[in-house]
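**Q** One structure, pasted below without further comment.
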Amino acid sequence: MTWIIANWKMQGSVSALRAFAEGLVPLVSTLSRVQVVVCVPFPYLLLARDMFQGTGVFWGAQDVSPLSNGPHTGDVSAAMLQDVGATHVIVGHSERRRDHGERGAWVHDKALAAKAHGIVPILCVGEAEGQTQRVITRQVHEALGEDGALAGSLMAYEPLWAIGTGKTADGATIATMHRHIAHIAPHHPVLYGGSVTADNVGTIVNLPHVSGVLVGGASVRMETFAPLLLAAHKARESA
Ligand code: PGA
């Protein structure tokens, strides 16, 4: 099964999610090779539950607090995500690292909180332009910690220079980085993210050590997401 995670980021609306779901649900029922998870902004999680419950589409969030319910104004706990049926949560995305200074133990603790509530963390790592594999190694170790408590969580390799730029990493780079992550983090499926589209997804999902994709820009409207899903399904079928 190939994971296709839609990361809506800070985009969407009630009407956009309704229209999206009305297109997605009938399509997904015909695609046996992909598992879709739609990660929406917090205000739309309940609507996602209404639209996706019982359909085979999963829904998730883009951040979670490492803290338990209590006096933490503006934060959203893993218990709340569980309460609205979220199955996955993106943790440590580079945009959160950039905008909110998230890193290290904070990312690890968020993932632990999610896991403790039965929610699968999607731990994001990625290097900036000019940085080397050592950055990835450090981020993976920081995110996973030493105790194996996050076994089974998903990883996502998203080079910063490929996010939202149209400059997808080439197959050799993706294969090298994924082999590296698989080596230092065995038992964690690794997704690729960074300008994934209908045109390149078929090649990417068939690369070694790639278990799926995390899709930003192309995931917000069915005009771009439907062809992407079809291409991924077809590529896996012929693999
Ligand atoms: P993009 O975003 O597909 O728009 O490059 C991917 C991501 O940031 O998860």
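The values are calculated or read from the model by the stated rules, or taken from the named source; none is laboratory data. Fair warning: this is a prediction, and the values are worked out from it, not measured in the lab. Cβ placement follows ideal geometry from the backbone for every residue including glycine, while neighbour counts extend to all protein chains displayed. Calculation scope for accessible area: heavy atoms of the full protein, side chains included, ligands and nucleic acids excluded. Shrake-Rupley method; radii C 1.70, N 1.55, O 1.52, S 1.80 Å.
**Q** When the helices in the chain are scored as -39500 (n - 2.57) per DSSP H run of 4 or longer and the sum is shared across all residues, what 222 nm value do you end up with, to the nearest 500 deg cm²/dmol?
**A** Roughly -12000 deg cm²/dmol at 222 nm, from the helical runs in the chain.
**Q** Across the stretch 145-151, in residue order, what do the Karplus-derived ³J(HN,Hα) couplings come to in whole Hz, using 6.51 cos²θ - 1.76 cosθ + 1.60 with θ = phi - 60° and x for Gly and Pro?
**A** Values per residue, Gly and Pro as x: x, 9, 9, x, 5, 9, 3 Hz.
**Q** Ignoring ligands, DNA and RNA, what accessible area per residue does the stretch 2-238 give at 1.4 Å, in Å²?
**A** Result: 44 Å² of accessible area for each residue.
**Q** Next up: Net charge near residue 199: determine it from the other residues with C-beta under 15 Å of the C-beta of residue 199, scoring Lys and Arg +1 and Asp and Glu -1.
**A** Combined, the nearby Lys, Arg, Asp and Glu give 0.
**Q** Round to a whole angstrom and tell me the spacing of the C-alpha centers of the stretch 1-34 and the stretch 182-212.
**A** The two parts, judged by their Cα centres, are 19 Å apart.
**Q** Placing +1 on the Cβ of each Lys and Arg and -1 on the Cβ of each Asp and Glu in the stretch 1-149, which of 91, 65, 77 has its Cα farthest towards the positive end of the resulting dipole?
**A** Farthest towards the positive end: 91.
**Q** How would you rank 2-8, 39-45, 73-79, highest first, on the average number of other Cβ atoms within 10 Å across their residues?
**A** Most protected by this proxy first, the peptides run 2-8, 39-45, 73-79.
**Q** Check cross-link reach from residue 115 to the aspartates and glutamates: straight Cα distance under 15 Å, and skip same-chain residues fewer than eight apart.
**A** Those aspartates and glutamates meeting the cut-off are 63, 83, 147.
**Q** Sum up the charges of everything whose Cβ sits under 13 Å from the Cβ of residue 113, counting Lys and Arg as +1 and Asp and Glu as -1, but leave residue 113 out.
**A** -1
**Q** OK, next. So for the pair residue 69, residue 29, with labels modelled 7 Å out along Cα→Cβ, what separation do we get in nm?
**A** A separation of 3.5 nm, rounded to one decimal place.
**Q** By the scheme Lys and Arg +1, Asp and Glu -1, what is the net charge of all other residues having a beta-carbon under 15 Å from that of residue 85?
**A** -1
**Q** Output the antiparallel fraction of DSSP beta bridges having both residues in the chain, as a percent to the nearest 5.
**A** Beta bridges within the chain, antiparallel portion: roughly 0 percent.
**Q** Please state the charge dipole magnitude for the chain, taken about the Cα centre, from unit charges on C-beta atoms (+1 on K and R, -1 on D and E), reported in debye and rounded to the nearest 20.
**A** 260 debye
**Q** How much of the accessible area of the chain, probe 1.4 Å, is carbon plus sulfur, in whole percent?
**A** In the chain, the share of accessible area belonging to carbon and sulfur is 54 percent.
**Q** Have a look at 12, 135, 228 and report the one farthest towards the positive end of the charge dipole of the chain, computed about the Cα centre with Cβ charges (Lys/Arg +1, Asp/Glu -1).
**A** Farthest towards the positive end: 228.
**Q** Now for a different question. Which lysines have a Cα lying under 27 Å from the Cα of residue 167, excluding residues fewer than 8 positions away in the same chain?
**A** 9, 234
**Q** For the chain, modelled as a GNM with alpha-carbon contacts under 10 angstrom, which of 61, 114, 16 fluctuates the most?
**A** The residue that fluctuates most here is 16.
**Q** Same structure again: How high is the relative contact order of the chain, given as a whole-number percent (alpha carbon pairs under 8 Å, six or more residues apart)?
**A** 20 percent
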